[in-house]
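Colleague: Before I ask anything, let me first share the structure, which is written out below as structure tokens.
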Amino acid sequence: MGNRRLSLPSISSPLTNISVLAGLLAGCFIVFVHRPEDSPAIAALEMILCLALPCALIEVLVNRSPQRAGIDFSRRDFSLSRLVRKVIALWAILAVLGFFYHAFAIYRSPFYAPFDWLWGVSIVPMLMLSLVYLAAVDMMQDEPNDALWQLGNRFFSRPQHLSAAEGNYLLGWLVKSFFFPLMFCYLCGQIADLRQFDFSGFHSSSLRQFAGVSYDLLYIAFFFVDLMISATGYIMTFRLLGTHIRSVEPTVGGWLVAVACYQPFYATLYTSYLGYEHGRPWGVLLSDQPILYTVWGLMIVLCLSIYVWAAICFGIRFSNLTHRGIITTGPYRWTKHPAYISKNISWWLVSIPFLPPDASPWTAIRLCTGLLLINGLYFLRAKTEERHLLRDPVYREYAQQVRDHGVFRRFRFGS
């Protein structure tokens, strides 16, 4: 059973996981030990670079992802005409993004200040480096008349309907332009929280206090790792590395259930309809029972460990609403959605909506209904993602293997 699943091809390898951990350790040394005075925005950029570099080397030297993406490093088929069209198209996309980042009030809020700084200092270098990158890719790719060329060619030809490739390419930019600023700013916040963390509780002789401080640190650290991988994934979409976006979720429904789980949309849904938390989470409820407190905390940590393990398997390929290769290793051996399952279980353990402070069954029903609706939202995300990925024959074979041999094989909804 297990060997059969291991024989399936995976875009991720064990060295991908090692490179993520190496990048994480290097980044943490720089950000928290060597240069703790750097601003959170600079620190976040340092973390991203530390993760991106070793993962990119593994993609090129070990996984040979560029060759599978149609890149031949020995080819020198350069065309100035093609390059001009691609540069015009890319710079036009960046100009539109710059306009909307300036026009939309949300991107002028204090939360997005780190991204505003990053955009300001990186836009000119990004424009210049794009000339070199596009020239290199144009020389080496099997099909140089790609979607970017098609978009650029519109400036030199009569307008026509968007091709499927062009539409997919533009949707990819929409995904990146929405999610990267959000993840980058969240990452800045997590770095600030870790720098300000109070470690004095580790010196306590109280099991309850030691367990509580350990849990608090791990909770922040897990989401710090997740956000570092997420932020890096959204910008490392390079065909030259074979980490480009192959396809984007094509349906409105798939987009709606995905973006509904993120700000600013999630705040409105949670406040108005889906609120499930109360003033007595698990730590308060179990504060006078140190052994049960420790066991309960360990269950949450286990869930979050699986969640982060699933993220690590992506390397620099993580992004919502996209297909960038099929992962069949790590926790994906046992279920198609280890991150969603573990994260949703952790919310029940953290918030305990079934034990409200007023002990009212109606309050418990209301809070549990809110969390069940959020669970349902993630169920819909899982199903729309599967529908998208089932276009790939590798995923179809993988999905069948998980249905037959996965940990939830007796419960079809979890497999």
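Colleague: What number results when the radius of gyration of the chain, computed over Cα atoms, is divided by 2.2 N^0.38 Å?
Modeller: 1.05
Colleague: So what's the back-of-envelope 222 nm ellipticity for the chain, counting only DSSP H runs of four-plus at -39500 (n - 2.57) apiece and dividing by all residues, rounded to 500? The partial results should precede the final answer.
Modeller: Working: 16 runs with 262 residues, N = 415.
Computed mean residue ellipticity for the chain: -21000 deg cm²/dmol.
Colleague: Select from CYS55, GLN263, VAL121 the residue farthest towards the positive end of the dipole of the chain; place +1 on Cβ of Lys and Arg, -1 on Cβ of Asp and Glu, and compute about the Cα centre.
Modeller: Value computed over the given set: CYS55.
Colleague: Something else about it: Just want the answer: with Cβ charges of +1 for Lys and Arg and -1 for Asp and Glu, which residue in PHE78, PHE224, LEU372 is farthest toward the dipole's positive end in region 2-414?
Modeller: Sorting the options by dipole projection puts first PHE78.
Colleague: Charges only on Cβ, +1 for Lys and Arg, -1 for Asp and Glu: so what's the dipole of the chain about the Cα centre, in debye to the nearest 20?
Modeller: About 1200 debye.
Colleague: For region 1-91, state which GluC sites (Glu not before Pro) are in a DSSP loop and have at most 11 other beta carbons lying within 10 Å of their beta carbon.
Modeller: Passing both the DSSP loop test and the Cβ count: GLU37.
Colleague: Once amide H atoms are built 1.01 Å from N in the peptide plane, which residues 5 or more positions from SER247, or in another chain, come under 5 Å H to H?
Modeller: The answer is HIS323.
Colleague: Enumerate the calculated ³J(HN,Hα) couplings along region 62-73 in order (Karplus 6.51 cos²θ - 1.76 cosθ + 1.60, θ = phi - 60°), each rounded to whole Hz, writing x wherever the residue is Gly or Pro.
Modeller: For region 62-73, the Karplus curve yields 10, 6, 6, 5, x, 4, 5, 9, x, 9, 10, 5 Hz.
Colleague: Looking at the chain, do any whole DSSP H helices span at least 24 angstrom along their long axis by alpha carbon and average -0.5 or above on Kyte-Doolittle, and which?
Modeller: Membrane-span-like by this rule: 40-61, 80-103, 113-140, 164-195, 207-235, 290-312, 361-389.
None of the figures in this text is laboratory data; all of them are computed from the coordinates on show. None of these values were measured; they are calculated from a predicted model. As a convention, Cβ positions derive from the backbone with ideal geometry for all residues, glycine included, and neighbour counts pool all protein chains shown.
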